[in-house]
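**Student:** Got a structure here, written out as structure tokens. Questions coming.
The values are calculated or read from the model by the stated rules, or taken from the named source; none is laboratory data. Quick caveat, the model's predicted, so the values are computed rather than measured. All Cβ positions, glycine included, derive from the backbone under ideal geometry; neighbour counts span all protein chains shown.
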Amino acid sequence: MRAVAFSRFGGPEVLDLIDVPVPVPGPGEVLVKIAAAPVNPVDIGARAGAFAALLPERDHYVPGVEFSGWIEATGPGVADAEPGRLVVGLIPWLATFDGAYTEYVTIAAELVAAAPTGVDPTAAATLPLNAITADLAVAAAPGARVLVTGAAGGVGGYAVQLAAARGATVIAVAGPGDEDLVKSLGATEFATRGEDLTRRVGAGSVDAVIDAALVGASLLPLVRDGGAFVALLPPVTPPAERGITVTTVQQAPDGRRLAELVDLVEAGTLTLRIAETFPLAEAAAVHARFEKGGLRGRLVLLP
């Protein structure tokens, strides 16, 4: 089968299309025929060497942490995974190093969930990583008034929808042309990103911040005493002050949670957004496009 892989770290040019054997599902695993594999920042980081210290010596590494696809076969001990069923999943990439930029992948059956009914497989593939991350972030940021940075992006957009669905008043921070988009996702208020955000929104005026744009400590003055601040990466997690609970989201594959998020897609609570699709062979060009930024939907590879 074909797979996109890298054998050295670097820019998009290190990605090659190679032939590898079709994997065989082990105990508790399913073999999935990939329908679609979105491109994520973690894929870019893996290719560029961000996880070099964590990777064992191998001939190659296949990026891609989320997917949609059809169950092709099951390993020993899997009783409730019907071949032919369309599923979505999040791969524990740092445990396997064999990702979704390929035609087939094996994964623990407990980490996949049935794809949303009536949703195109390409759109369904964009749910797992960003939605699980946003769900954890919203759960860690309870409050009546929640500010979300990067609100037009993948994680931020889901965070706006989930917070609004749970009754919060959401202040969405995004680019100057994104107001209509974020309000369609459920935001009540809108603020353009910028250095004077504290002055414009108001110091101590929000119960919680979800920092999907990785802005960092400069947002703390927005949070009331005793409020909450949720970061997505440790390097931009500020020290706690004024009784504020500071949390860094530690997402991990979770089939049960993913199934709950699928239910929210089917209920119309979560919106799946695609910017463009590309064939697997164009992965290097897609990585280059991703790194330019400015996307308001997902870039997705199709085998």
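**Student:** Answer yes or no as to whether Gly177 is surrounded by fewer than 17 Cβ atoms within 10 Å (Cβ to Cβ), free of Cβ contacts under 8 Å to residues at least 12 places away in the same chain and of a type outside the set (Asp, Glu). Step through it out loud before you land on a result.
**Tutor:** Working: surrounded by fewer than 17 Cβ atoms within 10 Å (Cβ to Cβ): yes; free of Cβ contacts under 8 Å to residues at least 12 places away in the same chain: yes; of a type outside the set (Asp, Glu): yes.
Yes, satisfied.
**Student:** Return the residue satisfying two criteria in turn: it lies in region 51-68 and is closer than 26 Å to Asp120 by Cα and aliphatic (A, V, I, L, M), and of such residues it is farthest from the chain's Cα centre (by Cα). Don't jump to the end; show me each part of the working.
**Tutor:** Applying the first criterion (closer than 26 Å to Asp120 by Cα) to region 51-68 yields 62-68.
Right, trim to aliphatic (A, V, I, L, M) and you get 62, 65.
Values: Val62: 18, Val65: 9 Å.
Ranking the qualifying residues of region 51-68, first place goes to Val62.
**Student:** Report yes if some residue within region 45-61 is of a type in the set (A, V, I, L, M, F, W, C), touching a residue at least 12 places away in the same chain (Cβ under 8 Å), surrounded by 16 or more Cβ atoms within 10 Å (Cβ to Cβ) and within 29 Å of Val119 (Cα to Cα); otherwise report no. So that I can check it myself, show each step before the final result.
**Tutor:** So in region 45-61, the residues of a type in the set (A, V, I, L, M, F, W, C) come out as 46, 48, 50-55.
From the residues that got through so far, the ones that are touching a residue at least 12 places away in the same chain (Cβ under 8 Å) too are 46, 48, 51-52, 54-55.
Keeping just the survivors that are surrounded by 16 or more Cβ atoms within 10 Å (Cβ to Cβ) gives 46, 48, 51.
Next cut, within 29 Å of Val119 (Cα to Cα) only: none.
No, region 45-61 contains no residue that is of a type in the set (A, V, I, L, M, F, W, C), touching a residue at least 12 places away in the same chain (Cβ under 8 Å), surrounded by 16 or more Cβ atoms within 10 Å (Cβ to Cβ) and within 29 Å of Val119 (Cα to Cα).
**Student:** Filter region 258-281 down to the residues that are crowded, with 18+ Cβ neighbours inside 10 Å, assigned to a helix (DSSP H, G or I) and out of contact with any Gly (no Cβ under 8 Å at 6 or more places or on another chain) and list them by number. Before you say what the answer is, go through the steps one by one.
**Tutor:** Initially, region 258-281 is screened for residues crowded, with 18+ Cβ neighbours inside 10 Å, giving 258, 261-262, 264-265, 270, 272-273, 280.
Right, trim to assigned to a helix (DSSP H, G or I) and you get 258, 261-262, 264-265, 280.
Scanning region 258-281 gives Leu261, Val262, Leu264, Val265, Leu280.
**Student:** A further question follows. Considering Thr192, Thr149, which residue is closer than 20 Å to Ser218 by Cβ, surrounded by 18 or more Cβ atoms within 10 Å (Cβ to Cβ) and either at pLDDT 95 or above or not assigned by TED's automatic domain parsing to the domain that holds Phe290 (or both)? Explain how you work it out, then say what you get.
**Tutor:** On the way: Thr192 fails: surrounded by 18 or more Cβ atoms within 10 Å (Cβ to Cβ).
Within the list Thr192, Thr149, the selection yields Thr149.
**Student:** Hand me the list of strands (runs of 3 or more DSSP E) wholly inside region 1-50 holding 1 or more residues that are under 23 Å from the mean Cα position of the chain (by Cα).
**Tutor:** Values: elements: 2-5, 16-19, 29-38.
Ranges flagged: 2-5, 29-38.
**Student:** Can you pull out the residues in region 159-174 that are surrounded by 20 or more Cβ atoms within 10 Å (Cβ to Cβ), in a helix (DSSP H, G or I) and not polar (S, T, N, Q)?
**Tutor:** Of region 159-174, the ones surrounded by 20 or more Cβ atoms within 10 Å (Cβ to Cβ) are 159-164, 168, 170-174.
Filter once more, so that each one left must be in a helix (DSSP H, G or I): 159-164.
The answer is Ala159, Val160, Leu162, Ala163, Ala164.
**Student:** Take the residues in region 62-94 that are surrounded by fewer than 20 Cβ atoms within 10 Å (Cβ to Cβ), within 25 Å of Asp19 (Cβ to Cβ) and of a type in the set (A, V, I, L, M); name whichever of them is modelled with the lowest pLDDT.
**Tutor:** Leu94
**Student:** Among the candidates Pro235, Pro239, which residue alone is over 23 Å from Ala165 (Cβ atoms), in a helix (DSSP H, G or I) and not β-branched (Val, Ile, Thr)?
**Tutor:** Pro235
**Student:** Check whether at least one residue in region 218-227 is among the acidic types (Asp, Glu) and in contact (Cβ under 8 Å) with a residue 60 or more places away in the chain, and report yes or no. Break it down stepwise before answering.
**Tutor:** Filtering region 218-227 for residues among the acidic types (Asp, Glu) gives 225.
Checking which are in contact (Cβ under 8 Å) with a residue 60 or more places away in the chain leaves us with none.
Checked against the condition, which is being among the acidic types (Asp, Glu) and in contact (Cβ under 8 Å) with a residue 60 or more places away in the chain, region 218-227 yields no hits at all.
**Student:** Determine, yes or no, whether Leu31 is out of contact with any Gly (no Cβ under 6 Å at 6 or more places or on another chain), crowded, with 18+ Cβ neighbours inside 10 Å and touching a residue at least 40 places away in the same chain (Cβ under 8 Å).
**Tutor:** Values: out of contact with any Gly (no Cβ under 6 Å at 6 or more places or on another chain): yes; crowded, with 18+ Cβ neighbours inside 10 Å: yes; touching a residue at least 40 places away in the same chain (Cβ under 8 Å): yes.
Against the criterion (out of contact with any Gly (no Cβ under 6 Å at 6 or more places or on another chain), crowded, with 18+ Cβ neighbours inside 10 Å and touching a residue at least 40 places away in the same chain (Cβ under 8 Å)), Leu31 qualifies.
**Student:** Might you let me know whether region 112-127 holds any residue that is over 21 Å from Leu272 (Cβ atoms) and surrounded by fewer than 24 Cβ atoms within 10 Å (Cβ to Cβ)?
**Tutor:** Within region 112-127 (the criterion being over 21 Å from Leu272 (Cβ atoms) and surrounded by fewer than 24 Cβ atoms within 10 Å (Cβ to Cβ)), the answer is no, since none of the residues qualifies.
**Student:** Hey, another quick one. Might you let me know whether region 130-140 holds any residue that is among the acidic types (Asp, Glu), surrounded by fewer than 24 Cβ atoms within 10 Å (Cβ to Cβ), in the same structural domain as Leu232 (by TED's automatic domain parsing) and on the phi < 0 side of the Ramachandran plot? Steps first, answer last, please.
**Tutor:** Of all residues in region 130-140, those among the acidic types (Asp, Glu) come to 135.
Right, trim to surrounded by fewer than 24 Cβ atoms within 10 Å (Cβ to Cβ) and you get 135.
Still in the list and also in the same structural domain as Leu232 (by TED's automatic domain parsing): 135.
Next, from what is left, pick out any that are on the phi < 0 side of the Ramachandran plot: 135.
Yes - at least one qualifying residue is present in region 130-140.
**Student:** Another question, then. Which residues, taken from region 24-42, are charged (D, E, K, R) and within 13 Å of Gly99 (Cα to Cα)? So that I can check it myself, show each step before the final result.
**Tutor:** Looking only at region 24-42, we keep the residues that are charged (D, E, K, R), and these are 29, 33.
The one that is charged (D, E, K, R) and within 13 Å of Gly99 (Cα to Cα): Lys33.
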